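The values are calculated or read from the model by the stated rules, or taken from the named source; none is laboratory data. These numbers were taken from a predicted model, which means no experiment stands behind them. Here the Cβ positions follow ideal geometry from the backbone for every residue, glycine too, while neighbour counts run over all protein chains shown. Keep in mind that these areas ignore ligands, DNA and RNA; they rest on the heavy atoms of the full protein, side chains included. Shrake-Rupley method; radii C 1.70, N 1.55, O 1.52, S 1.80 Å.
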Amino acid sequence: MEDRLKKIKLLILDVDGVLTDGRIIFDSNGVESKFFNVKDGHGIKMLQRSGIEVGIISGRESQVVYNRAVELGIGQVYQKSLDKLVPYRQMLEATGVSDEEVAFMGDDVIDIPLLKRVGFAAAPADAVPEVLPFAHFVAKNRGGWGAVREVCDLILKAQGTWDAVTSRYYV
């Protein structure tokens, strides 16, 4: 697993069930809300500081996702992607990375084609059972509850950048 993690230059994340717990809340006016975990967000920022790019590919479309992506400085955001391989290929072309340099975290059957293709495939603890055989790593945490942070920390530690990225916190 560590050999795979050392090669990662791009982390791609699904949203519902990975960056969130999968719940979609609509108020009486039809306004959508999602819950994001601040620890996942901090892990993403630390990865970015270490030089690893982060992108999003989601099957649904939501303004909330765009807002969160802007807040985290994630520039490559593809939504309403029922065939996630299409935006994946666009991301590879835009970044110049290869399959083995990509990590992806997904939680449902729509994510299997990407999980099968990337260098490091991850799933949250509550991913559907059909996804698990395709994951190199299954997080201890559920989607939206720190699963993404686990993957971020694994990458940083495997690449030897954890100490540099976190040194400011131990002053």
query = Which residues, counting only those in the range 6-25, are in a loop (DSSP other than H, G, I, E, B) and either of a type outside the set (D, E, K, R) or in contact with a Cys (Cβ under 6 Å, 6 or more places away or on another chain) (or both)?
reply = Ile8, Val15, Gly17, Val18, Leu19, Thr20, Gly22, Ile24
task = Filter the range 26-50 down to residues that are in contact (Cβ under 8 Å) with a residue 12 or more places away in the chain and in a loop (DSSP other than H, G, I, E, B), then give me how many there are.
result = 5
ask   = in a strand (DSSP E or B) and open to solvent by 70 Å² or more (accessible area, probe 1.4 Å) - does that describe any residue in the range 69-82?
value = no
query = Of the residues Val64, Val77, Val131, Val31, which is modelled with pLDDT under 95, touching a strand residue (DSSP E or B) at 6+ places or on another chain (Cβ under 7 Å), farther than 17 Å from Ile8 by Cβ and among the aliphatic types (A, V, I, L, M)?
reply = Val64
ask   = Within the set of pairs 6+ apart or on separate chains, which have a first residue in the range 1-25 that is open to solvent by 40 Å² or more (accessible area, probe 1.4 Å), a second that is part of a strand (DSSP E or B) and modelled with pLDDT of 95 or more, and C-beta atoms under 7 Å apart?
value = Met1/Phe137; Arg4/Phe120; Lys9/Glu53
remark   = Residue set Asp126, Asp153, Asp108; condition within 19 Å of Gly51 (Cα to Cα), touching a residue at least 12 places away in the same chain (Cβ under 8 Å) and surrounded by 14 or more Cβ atoms within 10 Å (Cβ to Cβ); output residue Asp153
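Yes or no, residue by residue, for (1) on the phi > 0 side of the Ramachandran plot; (2) touching a helix residue (DSSP H, G or I) at 6+ places or on another chain (Cβ under 6 Å); (3) among the aromatic types (Phe, Trp, Tyr); (4) assigned to a helix (DSSP H, G or I):
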position: Glu93; (1), (2), (3), (4): no, no, no, yes
position: Val97; (1), (2), (3), (4): no, no, no, no
position: Glu100; (1), (2), (3), (4): no, no, no, yes
position: Phe104; (1), (2), (3), (4): no, yes, yes, no
position: Ala122; (1), (2), (3), (4): no, yes, no, no
position: Asp126; (1), (2), (3), (4): no, no, no, no
ask   = Can you name every residue in the range 101-126 that is more than 12 Å from the chain's Cα centre (by Cα) and either within 16 Å of Arg149 (Cα to Cα) or at pLDDT below 95 (or both)?
value = Ala125, Asp126
Conditions (1) open to solvent by 50 Å² or more (accessible area, probe 1.4 Å); (2) under 15 Å from the mean Cα position of the chain (by Cα); (3) among the acidic types (Asp, Glu); number of the one not met by Asp163 = (2)
